[in-house]
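The values are calculated or read from the model by the stated rules, or taken from the named source; none is laboratory data. Here the structure is a predicted model, which is why all the values come from computation and not from measurement. For neighbour counting, all protein chains shown are included, and Cβ atoms are generated from backbone atoms with ideal geometry for every residue, glycine included.
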Amino acid sequence: MELSSYTLNAALYSELSAALAPAEIADATRILGDLRIIKSGTEMAYVREAAGHANLGLAAARDALRAGATEIEVAAAIENAMRCSGSDYWAIPTEIASGPRTPGGHATPRARVIETGDLAHFEFAGVSHRYHATAVHTMACGTPSKRAAELYEVARASLAAGIDACRAGVRVADVEATSLAPLRSAGLEAYANMRFGYGIGLAYPPVWLETLQISRGFDETLAPGMVFVLHAYLQMDHENIGIIQGGTWALTDDGLEQLVGGGDVPLEVV
């Protein structure tokens, strides 16, 4: 039984345990999850279609991010663009945080009015046949502070190092360790409070994560056919600055391919 399933609550588990006694329930979470890590050609086509929806959402975010707009208004533009392009509903709500809310990480949009100089970070997914592709990006609404721009470059270096390490046969723990080196050099490793990456694909609410974890403490190795989200994150609560930069990549026989997201680019100012 998939004991980590969000639909298996304690009451249902107790009822099933009693009904199936004396048989014992074993956790089968990894059995199906691990089978889904490597995508078939059809699955990869769905992921690419989902990425197309998310890329349109990212374009809408660029157009909508303006001083005077609220986070909710920007989210509406993103979601409208993806829906109009044919996206199914997503497993996790659209996430936007701006200005002093950016250290919040996975923050849903509020009625906060975006101001000139604010950073704003986004995380949302396009969906095709329930297959997800996630856009992750930080932008600035007008010229950001010098400190915000400096921190973005550190996060970008972390992302770039991790991306460069993503090759077939590499251990996932080594990928994250490589991504942390630039943060360690800058004395900022303690402010990186997210895993570097995770597998993504078929999903329903409340999450789109698969069993693949690109993080320390895990033993898997990367292989062609995998699709995963990679992101670098800095949570500077004491400075009211948070940055998350990344996206979704596919590992193919030809190497790593970015499908959607900001990726390794200079800070985008709109």
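Per-residue answers, yes or no, for (1) among the small types (Gly, Ala, Ser); (2) within 24 Å of Trp249 (Cβ to Cβ):
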{"site": "Pro22", "(1), (2)": "no, no"}
{"site": "Lys39", "(1), (2)": "no, yes"}
{"site": "Ala50", "(1), (2)": "yes, yes"}
{"site": "Ser98", "(1), (2)": "yes, no"}
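Taken over the range 65-76, the criterion of being buried (at least 21 other Cβ atoms within 10 Å of the Cβ) and either assigned to a helix (DSSP H, G or I) or free of Cβ contacts under 8 Å to residues at least 40 places away in the same chain (or both) is satisfied by Glu71, Val74, Ala75. Applying the criterion of being part of a helix (DSSP H, G or I) and among the aliphatic types (A, V, I, L, M) to the residues of the range 29-52, the residue that is nearest to Ala135 (Cα to Cα) is Ala51.
If you go through the range 77-98 one residue at a time, do you hit one that is in contact (Cβ under 8 Å) with a residue 24 or more places away in the chain, hydroxyl-bearing (Ser, Thr, Tyr), over 21 Å from Leu202 (Cα atoms) and surrounded by fewer than 19 Cβ atoms within 10 Å (Cβ to Cβ)? The answer is no, given that none of the residues of the range 77-98 is in contact (Cβ under 8 Å) with a residue 24 or more places away in the chain, hydroxyl-bearing (Ser, Thr, Tyr), over 21 Å from Leu202 (Cα atoms) and surrounded by fewer than 19 Cβ atoms within 10 Å (Cβ to Cβ).
Here Ala120, Ala190, Ala160, Ala177 are screened, and the one residue that is within 14 Å of Met236 (Cβ to Cβ) and either assigned to a strand (DSSP E or B) or over 14 Å from the mean Cα position of the chain (by Cα) (or both) is Ala190. Of all the listed residues (Ala181, Ala161, Ala165), the sole one being farther than 16 Å from Gly246 by Cα and free of Cβ contacts under 8 Å to residues at least 24 places away in the same chain is Ala181.
Considering the range 131-152, the residues that are surrounded by 16 or more Cβ atoms within 10 Å (Cβ to Cβ) and outside any strand (DSSP E or B) include one that is nearest to the chain's Cα centre (by Cα), namely Tyr152.
Does Arg101 qualify as being farther than 27 Å from Pro266 by Cβ and surrounded by fewer than 23 Cβ atoms within 10 Å (Cβ to Cβ)? For Arg101, the condition - farther than 27 Å from Pro266 by Cβ and surrounded by fewer than 23 Cβ atoms within 10 Å (Cβ to Cβ) - is not met.
Only residues that are within 19 Å of Ile244 (Cα to Cα) and either without any contact (Cβ under 8 Å) to a residue 12 or more places away in the chain or touching a strand residue (DSSP E or B) at 6+ places or on another chain (Cβ under 9 Å) (or both) were counted in the range 184-207, giving 16.
Each row is one residue, and each column tells you yes or no for (1) in contact with a His (Cβ under 9 Å, 6 or more places away or on another chain); (2) on the phi > 0 side of the Ramachandran plot; (3) not assigned by TED's automatic domain parsing to the domain that holds Arg147.
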residue	(1), (2), (3)
Leu16	no, no, yes
Ala21	no, no, yes
Tyr46	yes, no, no
Ala59	no, no, no
Leu65	no, no, no
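The residues listed here are Ala91, Ala19; of these, the one that is over 24 Å from Glu268 (Cβ atoms) and not in a helix (DSSP H, G or I) is Ala91.
Listed by first and then second residue, the pairs with beta-carbon distance under 7 Å, at least 6 apart or on different chains, first residue in the range 147-158 and touching a residue at least 24 places away in the same chain (Cβ under 8 Å) and on the phi < 0 side of the Ramachandran plot, second outside any helix (DSSP H, G or I) and among the polar types (S, T, N, Q), are Tyr152/Thr138; Ala155/Gln245; Arg156/Gln245. The range 195-270 holds strands (runs of 3 or more DSSP E) entirely within its bounds, and those carrying 1 or more residues that are within 30 Å of Ala67 (Cβ to Cβ) and touching a helix residue (DSSP H, G or I) at 6+ places or on another chain (Cβ under 9 Å) map to 227-236, 241-252, 255-261. Between Glu115, Glu95, Glu123, Glu150, the distinction of being modelled with pLDDT of 95 or more, touching a Gly at 6+ places or on another chain (Cβ under 7 Å) and acidic (Asp, Glu) belongs to Glu115 only. Taken over the range 44-62, the residue count meeting the criterion of being within 12 Å of Val270 (Cβ to Cβ) and in contact (Cβ under 8 Å) with a residue 40 or more places away in the chain is 3. The listed residues are Leu32, Leu3, Leu58, and the only one of them that is more than 26 Å from Gly126 (Cα to Cα) and either modelled with pLDDT of 95 or more or exposed (fewer than 14 other Cβ atoms within 10 Å of the Cβ) (or both) turns out to be Leu3.
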